[in-house]
Structure formats: C-alpha cells, structure tokens
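Down below is the structure, laid out as structure tokens.
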Amino acid sequence: MLTKNFFLAILVIILVTTITYADTNPVASENEATIEKLIEKLADGNISVRSDAVKGLVDIGEPAVGSLIQALENDNPDIRENSALALGKIGDKRAIEPLVYLIEDNDVNVRGAAEIALVDIGEESIDMLVAYAKNQDNVEYERRLAVIFLIEYGEKAVPSLIQVLSDNESFVLHRDVRYALSEIGEPAVGPLIELLESDDPDVKSRAIQTLGDIGDERAIVPLGMLLNDESEQVRTLAKSSIEAIENQSENGRLHLTNYGKKPDFYIEAEKRDFLDKLKIVVEASEIEMDEYIRSEGTVSSYGYNYGGSISVGLVVGSNVSESGLNEIYDIFDRHAQEIGIENVPVMFEYGIIEPHDLPVQEPATQDTPGLTGWLLFVVILLLYWKIRTNP
C-alpha cells in the first residue's frame with residue numbers, strides 16, 4: 001500500500017523538475033537575451049538600427065513588457081524614449097502608470113515619447129493623466145504638461161477636460177485646459193455650450209472664453225443670450241468672445257489642398273531627422289519664395305511644422321490658380337529632391353500660418369527640478385517652425 005510519504009516525495013520531485021525546467025528552458029533564456037540585446041540597440045547611433053530594434057521588441061510583444069518598463073529608468077535617454085514608444089505600440093496597459101510618470105523626465109524627447117505611447121495604448125490612460133494633473137502634490141508645470149498631453153486624445157478627452165474646467169480648485173490648470181479644448185476644437189463646442197448654463201459665474205466665464213478661443217459660429221447665439229446676464233464679468237466676456245468668433249470667421253484659415261506625401265515614421269528620431277531636412281528645404285527656397293511673399297504676392301506665410309510637412313499660407317481673398325500652386329510646389333520639390341526627398345509634403349491653406357506657443361508660464365523659482373527640460377520642451381516646439389510673413 002502506498003504511503004503518504006511516498007506521495008509527498010513524488011510531489012516534491014514534480015515541483016523540482018518543473019522549477020528546474022523553467023530555469024533552464026532554452027527558449028525562455030534565448031528570448032530574454034534577445035530582448036536585452038534589442039533594448040541595447042535602442043541607443044544605437046544609427047536611426048535605422050533603433051527603429052528595427054523597436055520593431056523587434058513590438059514583434060516579441062507581451063514577454064518584452066517587463067524589461068521595457070524597467071528600461072524606462074535607464075540612464076540613457078534614447079533607451080527611455082524608444083522603450084516608451086515600443087510599450088505604446090505593444091499596447092499593454094501595465095505600462096500606463098510608468099509612462100505617466102515619465103512626465104517628470106528631464107529629457108524633452110522622452111516626455112514626447114511618453115505622450116505618444118499613452119495615446120497609442122488608448123483612452124484608458126486619460127483618467128490617470130487627469131488624476132496626475134489634479135494631484136496638488138505634483139510639480140505644477142508637470143501637472144500642466146499632463147493636461148497638454150490630453151490634446152492628442154481628441155474628442156475622447158473632452159469630458160475630462162470639461163470636468164477640470166468646471167473644478168474651481170484646479171485653477172492652476174484652467175489656462176492649459178482652455179488651450180487643450182481650443183486645439184481639439186469642434187468636438188468641444190457642444191459640451192462648452194452646455195457649460196454656459198452653470199450657476200457658477202466663474203465656470204460660465206471659462207466656458208465663454210474657451211468658445212471664443214475655438215471660434216465656432218454655433219456659439220454666437222448662446223453667447224448672445226448671456227449679454228444680459230446678471231454678472232458683469234459674464235456679460236463682458238460674452239461680448240468679447242462673440243467679437244472674436246466673428247473676426248475669426250472673416251479672417252480665419254481655410255484648408256485648400258495638399259501636395260506630395262508625408263512619410264511614415266516608426267520612431268520619433270525618424271521624424272526629427274525628416275524635420276531637419278524640411279528646415280533645409282525651407283531655407284533653400286527663401287530667395288525664390290520672395291517673389292510670392294512680397295506685399296503684392298499671393299503668399300502670406302510659409303514654414304514647416306511638427307506634423308512633418310511644409311505649410312504655405314495664402315493671402316485671404318486671393319485667387320490662386322492651380323498652375324500657381326504648382327509653381328510654388330515645384331520650388332520646394334526641387335530643393336527637396338536635391339537632398340533626397342521625393343514627393344515632399346506641402347499643405348496649402350488660406351490665412352497666416354503661425355507657430356503655436358503653449359500657454360504655460362515659467363515656474364516661479366529657478367531651483368525647481370526639471371525646469372530646464374520644461375523650457376526646452378516649449379522652445380523645441382517653436383524651433384520646429386520657421387515662418388516668413390508678408391510685410
């Protein structure tokens with residue numbers, strides 16, 4: 001008869017065998033070694049090698065998530081940046097919290113990669129970004145940066161942004177919330193109009209200002225109903241916003257057409273390299289573009305943007321023929337081909353195209369950790385744009 005001790009002995013043998021197999025499993029060990037090598041290549045000096053390494057990690061998928069989360073703490077900013085991008089493309093929700101805390105990273109490219117990765121993972125990260133922004137224990141300008149991140153979620157972020165705009169205790173975020181909602185634009189108009197019915201004049205005022213920032217004509221009638229509001233502040237702001245909307249309707253930008261094709265970027269380093277080339281193209285085209293941008297010309301402004309294209313603003317009211325657009329495109333295309341760019345992307349629209357500065361203020365003290373990184377974030381956004389306006 002088999003004894004109890006015999007069964008215990010068999011169980012111990014099975015457990016030991018299982019553990020030993022797990023420790024010596026060549027497939028698992030090989031996978032871990034591959035992941036480590038790919039993570040090392042995320043800092044390679046060759047952009048193509050870095051891009052291929054991200055692709056390799058994304059192909060591995062879930063087994064690479066733990067190592068990539070650890071790599072977010074690596075001393076090398078290129079490894080942190082590309083680890084974040086890989087985590088976003090894999091889409092594992094375990095990465096949301098560590099990616100949110102990359103807002104505190106002192107490298108602008110790492111913070112940008114965290115933003116892209118969070119958007120790639122999906123709307124599940126919105127609540128955590130909002131919680132981070134509203135947490136008064138966090139550094140103020142990092143809280144405000146979390147709000148700016150929400151722009152990339154578009155319509156999905158509107159309810160959360162409206163909630164913060166309605167929260168009087170989140171006053172340090174309100175300017176950035178207004179900016180975020182104005183950048184999202186049309187999807188925010190309806191909820192903001194509903195907010196005009198608030199009993200709080202301060203909440204109502206913020207909604208009025210944001211509608212003025214967006215410039216959607218649908219807001220004119222509901223704003224007009226506030227011209228007799230009992231609050232002088234509300235009345236004054238409603239009048240100003242109506243005027244702002246009417247001015248934007250008369251002088252606003254109108255997209256016309258696109259030429260060429262934007263390349264696909266797998267990692268942000270590829271986009272930065274392409275933007276450097278667009279800068280060269282814009283500068284090389286300056287003399288020839290003078291003919292079109294002078295006081296009697298049809299071009300009001302031109303430059304290149306972070307989206308990866310050259311933008312040309314045409315004088316409002318000018319009647320530009322297709323042959324005229326072709327001539328302008330040929331200028332940029334010729335200089336682009338000289339440096340190896342085929343089908344350079346150029347976007348034509350009516351109105352003056354201007355670079356957008358983020359509505360953020362410098363923190364009060366120069367001793368705050370991360371200040372230099374934050375200022376670089378703002379400056380680099382502006383440096384991606386070179387603009388020449390019609391005198």
* Which ones in the stretch 273-315 are within 22 Å of the chain's Cα centre (by Cα) and part of a helix (DSSP H, G or I)? -> ASP273, PHE274, LEU275, ASP276, LYS277, LEU278, LYS279
* Asked: Can you pull out the residues in the stretch 321-339 that are touching a residue at least 40 places away in the same chain (Cβ under 8 Å) and either under 13 Å from GLY297 (Cβ atoms) or out of contact with any strand residue (DSSP E or B) (no Cβ under 7 Å at 6 or more places or on another chain) (or both)?
  -> ILE331, ASP333, HIS335, ALA336, GLU338, ILE339
* To do: Can you tell me which residue within the stretch 160-210, out of those that are among the small types (Gly, Ala, Ser) and part of a helix (DSSP H, G or I), is nearest to the chain's Cα centre (by Cα)?
  => ALA180
* Asked: Within the group GLU246, GLU270, which residue is at pLDDT below 95, among the charged types (D, E, K, R), open to solvent by 60 Å² or more (accessible area, probe 1.4 Å) and not in a loop (DSSP other than H, G, I, E, B)?
  -> GLU246
* **Conditions (1) assigned to a helix (DSSP H, G or I); (2) open to solvent by 10 Å² or more (accessible area, probe 1.4 Å): number failed by GLY340** => (1)
* Structure fact -> Those residues of the stretch 102-138 that are in contact (Cβ under 8 Å) with a residue 24 or more places away in the chain and closer than 15 Å to LEU150 by Cα come to a total of 25
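The values are calculated or read from the model by the stated rules, or taken from the named source; none is laboratory data. Remember, it's a predicted structure, so these values are computed and weren't measured experimentally. FYI the Cβ positions are ideal-geometry reconstructions off the backbone, even for glycines, and counts take in every protein chain you see. These area figures cover heavy atoms from the full protein model, side chains too; ligands, DNA and RNA do not enter into them. Shrake-Rupley method; radii C 1.70, N 1.55, O 1.52, S 1.80 Å.
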